[in-house]
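The values are calculated or read from the model by the stated rules, or taken from the named source; none is laboratory data. Fair warning: this is a prediction, and the values are worked out from it, not measured in the lab. Cβ: placed from backbone, ideal geometry, glycine included. Neighbour counts: every protein chain shown. Accessible surface is based on the protein model in full, side chains and every heavy atom, while ligands, DNA and RNA are left aside. Shrake-Rupley method; radii C 1.70, N 1.55, O 1.52, S 1.80 Å.
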Amino acid sequence: MNTLEIHNDIEDYKEASIKTLIDFVKQPSISRDVEAVEKCSRYLKSLMMDLSIDTKIYETEGNPVVYGEVLSHNKDAKTILFYGHYDVQPPDPLEEWDSPPFDPVIKNGRLYGRGAADNKGQLLAHILAVNTILKKEGSLPLNVKFIFEGEEEIGSKSLTKFVENNKELLQTDVVITSDGPKHDSGAPMVVFGVRGVMNFELELETANSDNHSGNKGGVIPNPAWILNDLLHTMKDKDDYVTIKGFYDDVIKPTKREVDLINDLPFNPENLAKVYGVEKIELDKKTFYERLMFLPTLTINGLVSGHTNEGTKNIIPKKATAKMEVRMVKDQNPEDLFKKIKKHVEKINPDVKVIQQEEDMYPSRTSSELPISEDVIEAVKKAYEMDPIILPSMGGSLPDYIWTKILGKPSIMVPYANADEANHAPNENMDLDSFMKGIHCSVEIINGLR
Ligand SMILES: [Zn+2]
């Protein structure tokens, strides 16, 4: 592949590429707006067909999946599956936008519009990379497949089923996702995993109504105190979760992963500012190990009795704790829920443990696979600098669909600027980052051996 000429072509087509992005962002494909989403799926299909990508729309129980492919003439060629989403977040609050969210404008080298970065600009970079190679070379050195869903912003429910039912169609050597921002230093990132999340509630009701805290004070139980006692049995003073078996499936980071942590930037003063806390007391190794390789048990909220202004002398009838577990590789939500339930039943069987919907499994791909090395190398080539390599991020994405259901390595290479304002007013895609993304996708396609 003549990559030098292809990189020149990408710059030559810059204006047309930006125009395509503008048209794409004009589609108001808010996930819950079924009509707009369907229209956008048809728009995306015809855009891909126009760019020589064989494309089909697959109906699901929810929003349609847009699938495209360009197969190589080489029978032994490897396959890349690019994943992205064409649905967008709702744009409200509208009054905080400086320009209309679905009438994108360019200002200071950025395109402002809902979906410009999350995720239309990023998925389009892959499409345009393939088209530029096809125009120059007439064919691809490997098979490229695209899967673009319309429900990412509301939990990717239909995607799981679609992948379960279409494993043959989606056969690949690697899944590449470009979503989210690059590092805030501007450096590119390659991300190999996510934590999972499981939500549940603890609920204790001790009376059928709130009671007078004087007339009945001292003679009936208070669910807020009792629930607090239970919470205290779940964790010790060192933040160690004391539920039996909680850490059973947690595995230590590999030597390579420890090395990667050592290479990460770490500025606790700056982080404290960003997080709005006084101090971060952890050293670098502990900080990243906790964020990437250890699960958490978090109280998201406590609700009981009178919480508005002023006083109200009552004994609440009920107390609720909204809780979550962030899981790491090999942990699973069903197993953890059982262990938590068992713990609660032993300490206080009156407390109800209620599992919430929408679990997300954890997922991690080894950064030591040859294909992982190829992707890291390609990103380095495209950006002419070493990427920041994250063995895992602290947050959760449905990456397990690729690693657990499809059973393939999955690597995330975000293309958007760090201040893309995704999910917020004035979302924007920095156009240099957009163009760099196209170059990077070319290097990834060229770099897999
Ligand atoms: Zn998003």
**Report entry** Complete set of residues in the stretch 153-180 that are within 19 Å of Tyr58 (Cα to Cα), assigned to a loop (DSSP other than H, G, I, E, B) and among the acidic types (Asp, Glu)
**Finding:** Glu168
**Report entry** Residues of the stretch 73-90 satisfying the condition of being within 16 Å of the ligand (Cβ to nearest atom) and either among the acidic types (Asp, Glu) or out of contact with any helix residue (DSSP H, G or I) (no Cβ under 8 Å at 6 or more places or on another chain) (or both)
**Finding:** Asp87, Pro90
Query raised in the report: Taking the condition among the acidic types (Asp, Glu), within 25 Å of Ser156 (Cβ to Cβ) and either touching a Gly at 6+ places or on another chain (Cβ under 7 Å) or not assigned by TED's automatic domain parsing to the domain that holds Pro101 (or both), does Asp33 pass?
Result: no
Query raised in the report: List the pairs whose first member sits in the stretch 201-223 and is over 19 Å from Ala321 (Cα atoms) and among the polar types (S, T, N, Q), whose second member is surrounded by 13 or more Cβ atoms within 10 Å (Cβ to Cβ) and at pLDDT below 95, and whose Cβ atoms are under 8 Å apart, counting only residues at least 6 apart or on separate chains?
Result: none
Query raised in the report: Going by the conditions given, is Lys135 over 23 Å from the mean Cα position of the chain (by Cα), open to solvent by 10 Å² or more (accessible area, probe 1.4 Å) and at pLDDT 95 or above?
Result: yes
Query raised in the report: Looking at Glu368, Glu373, which is the one that is acidic (Asp, Glu) and touching a residue at least 24 places away in the same chain (Cβ under 8 Å)?
Result: Glu368
Report summary line: Filter the stretch 1-29 for residues that are surrounded by 14 or more Cβ atoms within 10 Å (Cβ to Cβ) and modelled with pLDDT under 95; the one that is farthest from Pro90 (Cα to Cα) is Met1
Report task. Starting from the stretch 273-290, take each residue that is under 19 Å from Val328 (Cβ atoms) and list its partners that are in a loop (DSSP other than H, G, I, E, B) and of a type in the set (A, V, I, L, M), counting only C-beta distances under 8 angstrom and pairs at least six apart or across chains. Result -> Lys284/Leu264; Phe287/Ile280; Tyr288/Leu264; Arg290/Leu282
Report summary line: (1) open to solvent by less than 30 Å² (accessible area, probe 1.4 Å); (2) in contact with a helix residue (DSSP H, G or I) (Cβ under 7 Å, 6 or more places away or on another chain) all hold for Met189 apart from (2)
Report summary line: Scanning the stretch 390-435 for residues that are in contact with a Pro (Cβ under 8 Å, 6 or more places away or on another chain) and either of a type in the set (D, E, K, R) or more than 29 Å from Asp259 (Cβ to Cβ) (or both) gives Asp419, Glu420, Asn422, Pro425, Glu427
Query - Segments classed as strands (runs of 3 or more DSSP E), wholly inside the stretch 67-127, with at least 1 members that are within 15 Å of Glu149 (Cα to Cα), open to solvent by 10 Å² or more (accessible area, probe 1.4 Å) and touching a Leu at 6+ places or on another chain (Cβ under 9 Å) - result: 79-85
Requested in this report: Exactly one condition in (1) farther than 20 Å from Glu427 by Cβ; (2) within 16 Å of the ligand (Cβ to nearest atom) is not met by Leu140; state its number.
Outcome: (2)
Query - Matching residues in the stretch 227-272 - criterion: being among the β-branched types (Val, Ile, Thr), in contact (Cβ under 8 Å) with a residue 12 or more places away in the chain and under 23 Å from Asp350 (Cβ atoms) - result: Thr233, Val241, Ile243
Report task. Scan Asp103, Asp98, Asp50 and give me the residue that is farther than 26 Å from Glu427 by Cα, acidic (Asp, Glu) and modelled with pLDDT of 95 or more. Result -> Asp50
Query raised in the report: Inside the stretch 53-88, can you point out the residues that are at pLDDT 95 or above and among the polar types (S, T, N, Q)?
Result: Thr55, Thr60, Asn63, Thr79
